[in-house]
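Everything on this sheet refers to the single structure shown next.
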Amino acid sequence: MKIFLDTANYQEIAERYQTGLVSGITTNPTLVRKAGCNYYEFIKTLANDFAFESISAEVDGDKAEDMLNNARQYTEIGSNITIKLPLTKEGLIACKVLTRQGVTTNVTLCFSGAQAVMAALAGATYVSPFVGRCNDNSFSGVELIRAISSLYGVQKVNTKVLAASLRDVHHVSRSLLYGADVVTLPCSVFDKMYDHVLTREGLEIFNKDFKEIQ
């Protein structure tokens, strides 16, 4: 059971890294564009500044050859770089090649059990089903997590289920309950996981009583 942060904001990462509860980072072109940073330099900085076990760098290209060429610059940064590939035929071909080279991979944009089978056969280290986007299209994202996790368990597959596109705390816990190995989430959701109104209220009472007994 591990938590990754889904962000390209360095300050957000640094603040939550201090908790010791975050094991990795996932990024994508959209997050990087919003953050206004250079993708390569951002990935390199993360690898240098933090001891994450996995930092996903998404590659560009329509063909497997283009993806592999794009991946090379990232794999040279360090062994904790995970190459993020689309769940397409060309992405799976690239995944197979990178797996043979011993490179950690994250096959993303998974929306069905059949796609998860293909990712596992390609040797993906992680497969990323998009929970929130499934829900947007009227089918349950957490049920997809359960289906993939069950399938992998029956087939004794090594590929890890990385639940992505998580927009609330409820989906985080449900994804883990249904077999996800990793959840990746925005910092706002990470913060809400430990914050609860009843905890705050209870702490106020305890603090008040502490003052009285002192």
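Every number here is computed from the coordinates shown, using simple stated rules; none is lab data. Everything numeric in this text was worked out from a predicted model, so none of it was measured. Cβ coordinates were reconstructed from backbone atoms using ideal geometry, including for glycine residues, and neighbour counts include every protein chain displayed.
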Find the centroid of the Cα atoms in the stretch 32-70 and in the stretch 146-214, then give the distance between the two in whole Å.
26
Could you check the simple spin-label distance between Ser138 and Thr19, using points 7 Å along Cα→Cβ, in nm with one decimal?
3.6
Using packing as a proxy for protection, rank 164-170, 21-27 so that the peptide with the highest average count of other Cβ atoms within 10 Å comes first.
21-27, 164-170
Could you state the orientation-averaged shadow area of the convex hull built on the Cα atoms of the stretch 1-148, in nm² to one decimal?
8.8
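Considering the convex hull of the alpha carbon atoms of the stretch 48-108, report its projected area averaged over all viewing directions, in nm², one decimal.
Spelled out: convex hull of the Cα atoms, projected over all directions, averaged, 3.7 nm².
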Choose one answer from Asn80, Asn135, Asn28: the residue with the largest mean-square fluctuation in a GNM of the chain with alpha-carbon springs under 10 Å.
Asn135
Among Ile83, Ile13, Ile55, determine the one that fluctuates most according to a GNM of the chain built with springs between C-alpha atoms less than 10 Å apart.
Ile13
Going by the alpha-carbon gyration tensor, a ≥ b ≥ c the square roots of its eigenvalues, is the stretch 71-214 rounded (a/c under 1.5) or, if a/c is not under 1.5, prolate (a/b greater than b/c) versus oblate?
prolate
Could you pull out every one of the lysines with an alpha carbon less than 20 Å from that of Lys44, ignoring same-chain neighbours closer than 8 positions?
Lys34, Lys84
Among residues other than Pro29 whose Cβ falls under 15 Å from its Cβ, what is the net charge (Lys/Arg +1, Asp/Glu -1)?
-3
Using a Gaussian network model of the chain whose springs link C-alpha atoms within less than 10 Å, name the residue from Thr45, Thr159, Thr88 with the highest mean-square fluctuation.
Thr45
Loop sites in the stretch 70-145: GluC sites (Glu not before Pro), DSSP, at most 12 other Cβ within 10 Å:
Glu76
